[in-house]
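Worksheet: one structure, shown below.
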There are 2 protein chains.
Amino acid sequence: MDTSALATSFGARLPDWVAAELAGVPEVLATDEDRIRLVNRLAERNHRENTGGPFAALVVESGTGRLLSAGVNLVLASGLSSTHAEVVALSLAQTRLGAWDLGAPGGPGLELVVNWRPCVMCYGAAMWSGVRRLLLAGDGPEVEALTGFDEGPMREDWVEQFDARGIEIVRGVLRDEAVEVFRAYGERDDAVVYNARGAAAEATASRSA
Amino acid sequence: MDTSALATSFGARLPDWVAAELAGVPEVLATDEDRIRLVNRLAERNHRENTGGPFAALVVESGTGRLLSAGVNLVLASGLSSTHAEVVALSLAQTRLGAWDLGAPGGPGLELVVNWRPCVMCYGAAMWSGVRRLLLAGDGPEVEALTGFDEGPMREDWVEQFDARGIEIVRGVLRDEAVEVFRAYGERDDAVVYNARGAAAEATASRSA
């Protein structure tokens with residue numbers, strides 16, 4: 001086989017506006033509210049900037065509130081369907097540390113902060129990353145109802161499954177503000193729903209035709 | 001906040017041996033067996049080369065058998081916990097096409113070929129990528145039993161959930177050969193189980209201490 005046309009590397013880069021936004025944030029995100037306030041703001045700006053969907057994530061040292069990384073959904077900017085905010089934030093933290101295991105013995109306890117319950121892909125990505133805590137603005141049907149995104153088939157016992165792996169879940173912090181971001185996204189005429197539900201719907205239509 | 005220490009990009013690169021291995025493969029992978037034979041071979045070599053776990057994946061044009069991308073698990077080589085073989089193969093295909101949607105209207109029908117049922121993260125990654133078919137050597141408890149990897153909490157109706165999104169599942173092709181790769185990995189004294197189960201076990205131990 002001629003292998004010259006095969007891609008051999010891939011990657012993604014944060015848009016410049018993220019660093020500009022973070023420059024105005026205090027050095028330490030002391031409380032859960034401080035952390036969620038920041039992901040809500042990044043999520044709102046991400047869709048306004050057309051970099052990706054209304055989702056953002058942080059990796060933070062739980063005890064000190066020190067920010068290790070910030071990510072936003074980059075599906076549209078990077079052209080990679082796996083670059084959800086959680087994968088971006090986890091990958092940037094691992095790049096900074098030079099190690100895949102964010103829960104390695106002797107390290108600070110790290111948490112993933114997200115503006116809603118992760119989709120099924122990011123649910124797994126959080127599990128495999130080594131984070132010890134997952135801090136969410138909220139969970140529930142609002143994100144799918146307001147934005148049209150498919151979050152995927154999650155198990156009913158998703159919280160217990162995290163607990164069994166030593167990962168604590170905290171949810172319901174500035175929840176209303178998070179919902180407002182999804183509402184604003186859903187009200188846009190040009191919102192892109194990029195998770196292949198369109199493709200699935202088309203396939204269903206052609207099968208039944 | 002001082003943002004100078006934050007990572008702003010991440011990425012992964014295939015080891016050179018993958019292209020060397022592919023150079024000896026026919027231009028077209030005509031049958032399901034041809035496709036699975038190649039993922040089994042790449043998975044075996046990946047763990048022998050210590051690039052990552054015993055997992056490989058391809059993106060192939062279902063109709064023609066043309067290979068669009070090949071990926072292997074790169075967690076150890078890249079230091080990124082999300083670089084499972086499926087995410088790597090999907091990302092390389094999207095990089096080559098310059099588009100996140102592998103199921104865009106008018107394109108060839110693309111499939112993801114893997115040497116076992118995806119973990120919960122890659123289950124979601126496959127859903128969001130736009131592939132229309134998932135071809136697996138097999139599924140079942142062997143991979144966790146033989147290698148020690150945690151595949152995560154999947155729903156019982158995982159096949160139906162793919163079907164509802166227009167993605168066909170085919171499984172049970174050269175299954176025994178796939179199991180042999182996992183067995184060989186499990187028999188190594190120095191096999192690394194990199195999915196943070198160690199961290200979870202440690203957390204559980206310290207909670208009960």
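The values are calculated or read from the model by the stated rules, or taken from the named source; none is laboratory data. Predicted model, so just to flag it, every value in this text is computed and none were measured. Positions of Cβ are backbone-derived with ideal geometry, glycine not excepted, and every protein chain shown enters the neighbour counts.
Say we look at the stretch B:2-18 and pick out the residues that are surrounded by 17 or more Cβ atoms within 10 Å (Cβ to Cβ) and farther than 26 Å from B:GLU49 by Cβ; which of these is farthest from the other protein chains (Cβ to nearest Cβ)?
Filtering first and then ranking leaves B:LEU6.
Out of the stretch A:121-166, which residues are aliphatic (A, V, I, L, M), in contact with a Gly (Cβ under 8 Å, 6 or more places away or on another chain) and within 17 Å of B:MET121 (Cβ to Cβ)?
Those that are aliphatic (A, V, I, L, M), in contact with a Gly (Cβ under 8 Å, 6 or more places away or on another chain) and within 17 Å of B:MET121 (Cβ to Cβ): A:MET121, A:MET127, A:VAL131.
Report yes if some residue within the stretch A:133-140 is within 28 Å of A:ASP190 (Cα to Cα) and in a strand (DSSP E or B); otherwise report no.
Taking the stretch A:133-140 and keeping what is within 28 Å of A:ASP190 (Cα to Cα), we get A:136-140.
When the remaining residues are screened for being in a strand (DSSP E or B), the result is A:136.
Scanning the stretch A:133-140, I find at least one residue that is within 28 Å of A:ASP190 (Cα to Cα) and in a strand (DSSP E or B), so the answer is yes.
The rows are residues; the columns are (1) within 27 Å of A:SER91 (Cα to Cα); (2) without any contact (Cβ under 8 Å) to a residue 12 or more places away in the chain; (3) crowded, with 24+ Cβ neighbours inside 10 Å.
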{"residue": "B:ARG133", "(1), (2), (3)": "no, no, no"}
{"residue": "B:GLY138", "(1), (2), (3)": "no, no, no"}
{"residue": "B:LEU146", "(1), (2), (3)": "no, no, no"}
{"residue": "B:GLU151", "(1), (2), (3)": "yes, no, no"}
{"residue": "B:ARG155", "(1), (2), (3)": "yes, yes, no"}
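Within the stretch B:180-189, can you find the residues that are surrounded by 20 or more Cβ atoms within 10 Å (Cβ to Cβ) and out of contact with any His (no Cβ under 9 Å at 6 or more places or on another chain)?
If we filter the stretch B:180-189 for residues that are surrounded by 20 or more Cβ atoms within 10 Å (Cβ to Cβ), which is where we start, we get B:181-182, B:185.
Matches in the stretch B:180-189: B:PHE182 only.
Testing B:ALA104 on (1) modelled with pLDDT under 95; (2) over 20 Å from A:ALA77 (Cα atoms); (3) part of a loop (DSSP other than H, G, I, E, B), one condition comes back false. Which one is that?
(2)
Quick test of your reading of the structure: A:PRO108 fulfils all but one of (1) touching a helix residue (DSSP H, G or I) at 6+ places or on another chain (Cβ under 6 Å); (2) more than 7 Å from chain B (Cβ to nearest Cβ); (3) of a type outside the set (A, V, I, L, M). Name the failing condition by number.
Checking A:PRO108 against (1) touching a helix residue (DSSP H, G or I) at 6+ places or on another chain (Cβ under 6 Å); (2) more than 7 Å from chain B (Cβ to nearest Cβ); (3) of a type outside the set (A, V, I, L, M), the one that fails is (1).
State whether the residues of the stretch A:2-16 include one that is in contact (Cβ under 8 Å) with a residue 12 or more places away in the chain and out of contact with any Ser or Thr (no Cβ under 7 Å at 6 or more places or on another chain).
no
Can you say whether A:ALA164 is in contact with a helix residue (DSSP H, G or I) (Cβ under 8 Å, 6 or more places away or on another chain) and surrounded by fewer than 21 Cβ atoms within 10 Å (Cβ to Cβ), as far as the supplied structure shows? It would help to see each step written out before you state the result.
Numbers: in contact with a helix residue (DSSP H, G or I) (Cβ under 8 Å, 6 or more places away or on another chain): yes; surrounded by fewer than 21 Cβ atoms within 10 Å (Cβ to Cβ): yes.
Yes.
Take A:VAL114 and tell me if it is crowded, with 24+ Cβ neighbours inside 10 Å, touching a residue at least 12 places away in the same chain (Cβ under 8 Å), away from chain B (no Cβ under 12 Å) and closer than 17 Å to B:MET121 by Cβ.
Here the answer is yes, as A:VAL114 does meet what is asked.
From the residues in the stretch B:19-34 that are within 13 Å of another protein chain (Cβ to nearest Cβ), in a helix (DSSP H, G or I) and touching a residue at least 12 places away in the same chain (Cβ under 8 Å), which one is surrounded by the most Cβ atoms within 10 Å (Cβ to Cβ)?
The qualifying residue surrounded by the most Cβ atoms within 10 Å (Cβ to Cβ) is B:GLU21.
Whether any residue in the stretch B:114-128 is part of a strand (DSSP E or B), among the aliphatic types (A, V, I, L, M) and within 24 Å of B:SER91 (Cα to Cα) is what I want to check.
Taking the stretch B:114-128 as the starting set, the residues that turn out to be part of a strand (DSSP E or B) are B:114.
Imposing the further condition that a residue be among the aliphatic types (A, V, I, L, M) reduces the set to B:114.
Then keep just the ones that are within 24 Å of B:SER91 (Cα to Cα); that gives B:114.
Yes, the stretch B:114-128 contains at least one residue that is part of a strand (DSSP E or B), among the aliphatic types (A, V, I, L, M) and within 24 Å of B:SER91 (Cα to Cα).
Name the residue that is surrounded by the fewest Cβ atoms within 10 Å (Cβ to Cβ), counting only residues in the stretch A:77-101 that are outside any helix (DSSP H, G or I) and facing chain B (nearest Cβ under 7 Å).
Here is the first cut: in the stretch A:77-101, the ones outside any helix (DSSP H, G or I) are A:79-84, A:98-101.
Imposing the further condition that a residue be facing chain B (nearest Cβ under 7 Å) reduces the set to A:79-82, A:98-101.
Numbers: A:GLY79: 18, A:LEU80: 25, A:SER81: 28, A:SER82: 31, A:GLY98: 8, A:ALA99: 15, A:TRP100: 26, A:ASP101: 20.
Going through the qualifying residues, I end up with A:GLY98.
Which of (1) closer than 29 Å to B:VAL59 by Cα; (2) free of Cβ contacts under 8 Å to residues at least 60 places away in the same chain is the odd one out, the single condition A:VAL75 does not satisfy?
Condition not satisfied by A:VAL75: (2).
Against the condition in a helix (DSSP H, G or I), on the phi < 0 side of the Ramachandran plot, charged (D, E, K, R) and at pLDDT 90 or above, how does B:GLU202 come out, does it pass? Give the derivation first.
On the way: in a helix (DSSP H, G or I): yes; on the phi < 0 side of the Ramachandran plot: yes; charged (D, E, K, R): yes; at pLDDT 90 or above: no.
Criteria not met by B:GLU202.
Go through the stretch A:53-73 and report how many residues are facing chain B (nearest Cβ under 10 Å) and crowded, with 24+ Cβ neighbours inside 10 Å. Spell out how you get there, then give the answer.
The initial filter retains those residues of the stretch A:53-73 that are facing chain B (nearest Cβ under 10 Å), namely A:66-71.
Filter once more, so that each one left must be crowded, with 24+ Cβ neighbours inside 10 Å: A:67, A:69-71.
Here the count works out to 4.
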